[in-house]
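Here the structure is laid out as structure tokens; the discussion comes afterwards.
The values are calculated or read from the model by the stated rules, or taken from the named source; none is laboratory data. Everything numeric here is computed off the predicted structure, so don't read it as measured data. For neighbour counting, all protein chains shown are included, and Cβ atoms are generated from backbone atoms with ideal geometry for every residue, glycine included.
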Amino acid sequence: MLDRRRFLMTGALLPLSNFATPAASYPERPIRIVMPYAPGGVQDTIIRSLAVPMEERLGQRLVIENKPGAAGNIGTIKVMRAEPDGYSLVLGATNNFVINQHFMKMPADPMTALVPIARAADVPLAQLTNPNVPARTLPEFIAYVKSNPGKVNFGSPSIGTVNHLMIERIKQERDLDITHVPYRGGAPAATSLLANDIQLLGVGLSSYLGHVREGKLVVLAVGTEKRFSLVPEVGTLIEAGFPGFTASNWWGLAAPVATPQSIVETLRGAVAEAQRNKAVIDRFEELGILIPNEPRRGCRRLQTLRRWSHHEQDDEQVFSGSARPRGAIGSRPREGAFIAMGSGVLGRGQDWLHGAVAQ
């Protein structure tokens, strides 16, 4: 009887001792990265620049899948619900992780349903206009809006994005009568700006430098602390009369929360190696995309967003000016818009982000 028991116990242990776990052999097939916005925006530039050295490190292809809609929630939720096996990831912006859940209905909080892998890039924001608008600086644009109340539109990649909140602060501080038009990403918003359907857009410069240099778009101001090397002739928000106001958007890579830690570390290492790649460094520098090189820098970004929150407005005031032209989305946010959030929520965002970058 003792021998039989020993045999059964040994047999029960065989799968654990003789076979490798899925995490140990990861990755064995291509990895899908969901982009929660339309193709053509800065996120495409970020991931496609990082992809080649990441693929070399991982030994597998990265398959990019665009799933835009609902301020990036459609793509983000898809990954939140995916198998936690390391083969479904999301590259999202600030709002996809720490903002949307506070004014839109979501099945779970992304900060608890996702595990952060790495902060992929920081993108300083700029304010762009159409050359047909008689303004070449932000103060001139503000004067133009003042003289044309209710006739000027501004766009954003979606409701609640940092891009949106940046212009909301300008709107509130200068008491501007200007209508918000949310889109399904930066690229369709830029298309409307080129057509003069909207007259102001806050985005990263990287994807639109060509249009700027060809005279098809005009940069009114940049969100960096000092003038931006790509457009040194353009003043900052601070110079335009907004003391201490800087604006940028960080992009992060995340996986479903139950993903094994060994897989998270494998992916984190691949991102870190790609960020040290000379071709990536040169490409990002050319486009004005910043590579995160200090763990707490991302937290300071969120501290900046916290300072924006002292310009508190209720949801009706912040979002009632949204319109729905072609290509735009029209979602009425519920109570708790980010622009009126307290420091406690952003503190959670800092802790979540710090887990991704404290390496």
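Overview of values
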read-out	value
Condition met for Thr45 (under 14 Å from the mean Cα position of the chain (by Cα), of a type in the set (S, T, N, Q) and at pLDDT 95 or above)	no
Top-ranked residue of the stretch 193-210 - restricted to ones that are at pLDDT below 95 and either assigned to a helix (DSSP H, G or I) or among the polar types (S, T, N, Q) (or both), ranked as surrounded by the most Cβ atoms within 10 Å (Cβ to Cβ)	Leu205
Residues within the stretch 165-192 that are touching a helix residue (DSSP H, G or I) at 6+ places or on another chain (Cβ under 8 Å), over 27 Å from Pro232 (Cβ atoms) and not in a strand (DSSP E or B), tallied	3
Where a residue in the stretch 234-259 is at positive phi and its partner, wherever it lies, is β-branched (Val, Ile, Thr) and modelled with pLDDT of 90 or more, with Cβ under 8 Å and at least six apart	Gly244/Ile238
Exclusive hit being in contact (Cβ under 8 Å) with a residue 60 or more places away in the chain, in contact with a Gly (Cβ under 7 Å, 6 or more places away or on another chain) and closer than 17 Å to Gln275 by Cα, set Val42, Val90	Val42
Flag if Gly298 is under 17 Å from the mean Cα position of the chain (by Cα) and modelled with pLDDT under 50	yes
Selection count where residues are at pLDDT below 90 and buried (at least 22 other Cβ atoms within 10 Å of the Cβ), scope the stretch 98-124	6
Which numbered condition Leu165 misses (of (1) more than 21 Å from Gly204 (Cα to Cα); (2) at pLDDT below 95; (3) within 19 Å of the chain's Cα centre (by Cα))	(1)
Selection from the stretch 211-226 of residues that are surrounded by fewer than 19 Cβ atoms within 10 Å (Cβ to Cβ) and in contact (Cβ under 8 Å) with a residue 12 or more places away in the chain	His211, Val212, Gly215, Lys216, Glu225
Sole exception among (1) surrounded by fewer than 21 Cβ atoms within 10 Å (Cβ to Cβ); (2) modelled with pLDDT under 90; (3) among the polar types (S, T, N, Q) for Thr266, by number	(2)
Filtered residues of the stretch 134-157 (kept if among the β-branched types (Val, Ile, Thr) and either more than 28 Å from the chain's Cα centre (by Cα) or not in a loop (DSSP other than H, G, I, E, B) (or both))	Ile142, Val145, Val152
Residue ID - nearest to the chain's Cα centre (by Cα), chosen from residues in the stretch 260-276 that are free of Cβ contacts under 8 Å to residues at least 12 places away in the same chain and in a helix (DSSP H, G or I)	Glu265
Which listed residue is out of contact with any helix residue (DSSP H, G or I) (no Cβ under 9 Å at 6 or more places or on another chain) and under 30 Å from Asp282 (Cβ atoms), from Val90, Val63	Val63
Candidates Ala279, Ala240, filtered to the one that is at pLDDT 95 or above, of a type in the set (A, V, I, L, M) and outside any loop (DSSP other than H, G, I, E, B)	Ala279
Residues of the stretch 125-139 satisfying the condition of being surrounded by fewer than 21 Cβ atoms within 10 Å (Cβ to Cβ) and either touching a residue at least 60 places away in the same chain (Cβ under 8 Å) or under 23 Å from Phe97 (Cβ atoms) (or both)	Asn130, Pro131, Asn132, Val133, Ala135, Arg136, Thr137, Pro139
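For (1) touching a Lys or Arg at 6+ places or on another chain (Cβ under 6 Å); (2) crowded, with 20+ Cβ neighbours inside 10 Å; (3) modelled with pLDDT under 95, each residue gets a yes or a no:
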residue: Arg57; (1), (2), (3): no, no, no
residue: Arg61; (1), (2), (3): no, no, no
residue: Thr76; (1), (2), (3): no, yes, no
residue: Ala82; (1), (2), (3): no, no, no
residue: Val90; (1), (2), (3): no, yes, no
residue: Ala93; (1), (2), (3): no, yes, yes
